[in-house]
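Participant: Questions regarding the structure given below will be posed in turn.
The values are calculated or read from the model by the stated rules, or taken from the named source; none is laboratory data. Since the model is a prediction, treat every value here as computed from it, not as a measurement. Positions of Cβ are backbone-derived with ideal geometry, glycine not excepted, and every protein chain shown enters the neighbour counts. Ligands, DNA and RNA are stripped out before the accessible areas are found, and what is left, the full protein with its side chains, is counted by its heavy atoms. Shrake-Rupley method; radii C 1.70, N 1.55, O 1.52, S 1.80 Å.
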Amino acid sequence: MPFQRIEAEKLSHSVVRQIEELILRGILRPGERLPSERELSERLGVSRPSLREAIAELQTRGLLATRAGAGIYVADVLGSAFSEALIRLFAAHDEAVFDYVSFRRDLEGLAAARAAVHGSDTDLKVIDTLYHKMEAAHSKRNPSDEAELDAEFHLAIIEASHNVIMLHMMRSMFDLLREGVFYNRQIMFKQRTTRDLLLEHHRIINDAIQARDPEAARAAIITHMSYVEEDLKNQQRAEKNEEVARLRYQHEKAR
């Protein structure tokens, strides 16, 4: 019979599986530094040789990387979901911007509904804390901080949905958003009326998730992203009108 004796799993294999799961679930993020060897071995309750063996295996798999004199870090396993050529194409075409907003509206609506149902109490506390940080940034009229917290708030909702595929895909896409590939979010947060309304949107989203109401959470995301889409269209109209006025002025001046 093709049965083999079952042996106790090596400690290093247990360490590998635990770190792999933390990376998969997004708890350990790309670029994040691991604790020192001494601290990590104490936390995991394993010997340093077992820990070194596990780290060496994770480095071979491309999940961890060593930085000279700085320690062990989670490798940049995320990268970009798109090639550089495609990213440049996105940046040059309005159609990609609105498809991106539409994609986010659909996916984040689902994520918010899942977060309301599947998010742990800790997940919901993180979302609530980020919302209150947005309130504080809003009162200080700091559009840069408010825009950054906006991204963190939305990513926290995706994390709370507990879908690892969605999490890693959306993290990659939010990195492009932060870089202004799709649109400049800070422009929105510089407009007083828009800032007030965006904060109200985030309050409604947060309230629905905290109340664990999936349908209200999904509806709040859809309302929010639809507003973002309309605001972007208004920005584009204003830019085109300014360009037409500039060209008309140059033409009149040249006559």
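Participant: If DNA, RNA and ligands are ignored and the probe is 1.4 Å, what is the ranking of S161, S47 by accessible area, most exposed first?
Facilitator: Working: S161 0, S47 55 Å².
If we order S161, S47 from most to least accessible, we get S47, S161.
Participant: What FRET efficiency comes out for the pair S36/T122, r = Cβ-Cβ distance, R0 = 25 Å, nearest 0.05?
Facilitator: On the way: r = 25 Å, r/R0 = 1.02.
In this case the efficiency is close to 0.45.
Participant: Helix-derived [θ] at 222 nm for the chain: sum -39500 (n - 2.57) over DSSP H runs of at least 4, divide by residue count, nearest 500?
Facilitator: On the way: 11 runs with 186 residues, N = 255.
Counting only the DSSP helices, I get -24500 deg cm²/dmol.
Participant: Please determine, in degrees from 0 to 90 and to the nearest 10, the orientation of helix 94-118 with respect to the longest principal axis defined by the Cα atoms of the chain, where the helix direction is its Cα long axis.
Facilitator: 50
Participant: Provide F98, F182 ordered by accessible surface of protein heavy atoms (probe 1.4 Å), highest first.
Facilitator: From most exposed to least exposed: F98, F182.
Participant: Let me ask something additional. Taking all protein chains together and a probe of 1.4 Å, list H13, H168 from the most accessible to the least accessible.
Facilitator: Numbers: H13 75, H168 50 Å².
Output order, biggest surface exposure first: H13, H168.
Participant: While we're looking at this one, here's another question. Classify the range 176-228 as rounded, prolate or oblate from the Cα gyration tensor: take a ≥ b ≥ c as the square roots of its eigenvalues, call it rounded if a/c is under 1.5, otherwise prolate when a/b beats b/c and oblate if not.
Facilitator: prolate
Participant: Using the alpha-carbon atoms, what tilt in degrees (0 to 90, nearest 10) does helix 11-24 show relative to the longest principal axis of the chain?
Facilitator: 10
Participant: Related question: What length, rounded to one decimal in nm, is gained on full extension from F98 through to R67, with 0.36 nm per residue of separation minus their alpha-carbon distance? Could the numbers behind the result be given before it?
Facilitator: Numbers: separation 31, 0.36 × 31 = 11.16 nm, distance 3.95 nm.
Working it through step by step, the gained length comes to 7.2 nm.
Participant: Which percent of Cα pairs goes in each bin when the distances of the chain are cut into 10 angstrom slices starting at zero?
Facilitator: Calculated over all Cα pairs of the chain, the distribution is 6, 23, 27, 21, 13, 6, 2, 1, 0, 0 percent.
Participant: Are there trypsin sites (Lys or Arg not before Pro) in the range 120-184 that DSSP marks as loop and that have at most 10 other Cβ atoms within 10 Å, and which are they? List each step's numbers first, then the result.
Facilitator: Numbers: sites: K125, K133, K140, R141, R171, R178; in loops: K140, R141.
When the trypsin sites (Lys or Arg not before Pro) of the range 120-184 are filtered for loop state and at most 10 Cβ neighbours within 10 Å, K140 remain.
Participant: Can you compute the radius of gyration and Dmax for the range 133-244, using only the Cα atoms, both in Å?
Facilitator: 14.7, 49
Participant: What is the log10 of I(q)/I(0) for the range 37-106, computed with the Debye formula using one identical point scatterer on each Cα and no solvent, at q = 0.13, 0.18, 0.19 Å⁻¹?
Facilitator: Debye curve over Cα of the range 37-106, log10 I(q)/I(0) at q = 0.13, 0.18, 0.19 Å⁻¹: -0.61, -0.76, -0.80.
Participant: Express the carbon and sulfur contribution to the solvent-accessible surface of the chain as a percent, rounded to the nearest whole number, probe 1.4 angstrom. Don't skip to the answer; put the middle values down first.
Facilitator: Working: 7710 of 14800 Å².
Its accessible area is 52 percent carbon and sulfur atoms.
Participant: Ignoring everything but the protein chains, give the 1.4 Å probe accessible area of D123 in square angstrom, nearest 10.
Facilitator: The accessible area of D123 comes to roughly 30 Å².
Participant: How many Å² of accessible area per residue for the chain, probe 1.4 Å? Please list the in-between numbers first.
Facilitator: Values: 14800 Å² over 255 residues.
Accessible area per residue: 58 Å².
Participant: What percent does the relative contact order of the chain come to when contacts are Cα pairs within less than 8 Å and at least six residues apart? If you can, show how the numbers build up before the last one.
Facilitator: Values: 249 pairs, mean separation 52.8, N = 255.
Reported as a whole number, the value is 21 percent.
Participant: If one computes the Cα centroid of the range 148-173 and of the range 199-221, what distance in Å separates the two points?
Facilitator: 16
Participant: Relative to the longest principal axis of the C-alpha atoms of the chain, give the angle of the C-alpha long axis of helix 143-160, reported between 0 and 90° and rounded to the nearest 10°.
Facilitator: Between helix and principal axis, roughly 50 degrees.
Participant: Considering Cα pairs under 8 angstrom that are at least six residues apart, work out the relative contact order of the range 141-238 and quote it in whole percent. The partial results should precede the final answer.
Facilitator: Details: 43 pairs, mean separation 20.3, N = 98.
Taking the mean separation of contacting Cα pairs over the length of the range 141-238, I get 21 percent.
Participant: Once both labels are modelled 7 Å past Cα along the beta-carbon direction, what's the R52-A91 spacing in nm?
Facilitator: Result: 4.5 nm between the two label points.
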